[in-house]
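The values are calculated or read from the model by the stated rules, or taken from the named source; none is laboratory data. Computed from a prediction, not measured in an experiment: that's the story for all the values here. With ideal geometry, Cβ positions are generated from the backbone for all residues, glycine too; neighbour counts draw on all protein chains shown.
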Amino acid sequence: MLLKEVCKEDIILERAYCHITKGCYKAKLLLKVNLLPFLPYLRARVKVLYFEPNEILVFKWFKSEKTYNVAINNNTLAVEIVEDREEALEIFKEIINFVNLTWEERNQIVPNIKPVKRPPVLEIYKHLPKTNCKACGEETCLAFATKLVIAEKEVDECPEIVKDPELLQFFKVLVE
Ligand code: SF4
């Protein structure tokens, strides 16, 4: 086992910038194990938002209807946004199980060291068709670009991109 179980007292809560007035925290755990050498294995299994080898991995974590941003660096595991310590504990337990399972299965995983840096929204927007056709489920291409950056939309949810193989390839390189 790589990471040990945690309890509520281990969790550090920090106020996060948020549009709601209460219950909006970033939760942190100080790690006793340096996970940096192991990040490429985790990176191969998650929806990555940002990855710099030997520095940090930021990824999406999905639970029921909610999505969390998770960051792991050399000494910290952080999750946002949580409403309270109980929610943070639940998510940390899941992530720790996931990390430990990935560690056990590492011999079957091809580690991925490719950095991921998602481009700014406007950089994405300027390459979109700008027809605001709504086929992606968003009102505008700009809204789609905003969600693409935070991995709440996938490139192939825009039929206009999909039907143009060159554009599709361009976007895959840009955001994946
Ligand atoms: S489907 Fe594509 S072109 Fe249509 S609104 Fe969405 S991003 Fe814009």
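Here are the numbers:
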{"item": "Elements of type strands (runs of 3 or more DSSP E) in the range 1-86, at least 1 residues being more than 22 Å from Leu174 (Cα to Cα)", "result": "12-15, 25-30, 56-63, 66-72, 76-82"}
{"item": "Filter pass, Glu105 being farther than 30 Å from Leu168 by Cβ, away from the ligand (no atom under 15 Å from the Cβ), in contact with a helix residue (DSSP H, G or I) (Cβ under 9 Å, 6 or more places away or on another chain) and in contact (Cβ under 8 Å) with a residue 12 or more places away in the chain", "result": "no"}
{"item": "All positions within the range 118-137 that are more than 18 Å from Val175 (Cα to Cα) and near the ligand (Cβ under 6 Å from one of its atoms)", "result": "Thr131, Asn132, Cys133, Lys134, Ala135"}
{"item": "Sole residue being buried (at least 17 other Cβ atoms within 10 Å of the Cβ), closer than 20 Å to Asn34 by Cα, in contact (Cβ under 8 Å) with a residue 40 or more places away in the chain and of a type in the set (Phe, Trp, Tyr), chosen from Phe92, Phe171", "result": "Phe92"}
{"item": "Scan of the range 136-150 for residues that are in a loop (DSSP other than H, G, I, E, B) and either surrounded by 14 or more Cβ atoms within 10 Å (Cβ to Cβ) or acidic (Asp, Glu) (or both), ordered by number", "result": "Cys136, Glu138, Glu139, Thr140"}
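Here's the yes/no breakdown for (1) over 19 Å from Glu14 (Cβ atoms); (2) assigned by TED's automatic domain parsing to the domain that holds Glu152; (3) of a type outside the set (D, E, K, R):
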{"position": "Pro40", "(1), (2), (3)": "yes, no, yes"}
{"position": "Arg45", "(1), (2), (3)": "yes, no, no"}
{"position": "Phe51", "(1), (2), (3)": "yes, no, yes"}
{"position": "Lys60", "(1), (2), (3)": "yes, no, no"}
{"position": "Ala71", "(1), (2), (3)": "no, no, yes"}
{"position": "Asn75", "(1), (2), (3)": "no, no, yes"}
{"position": "Leu89", "(1), (2), (3)": "no, no, yes"}
{"position": "Glu94", "(1), (2), (3)": "yes, no, no"}
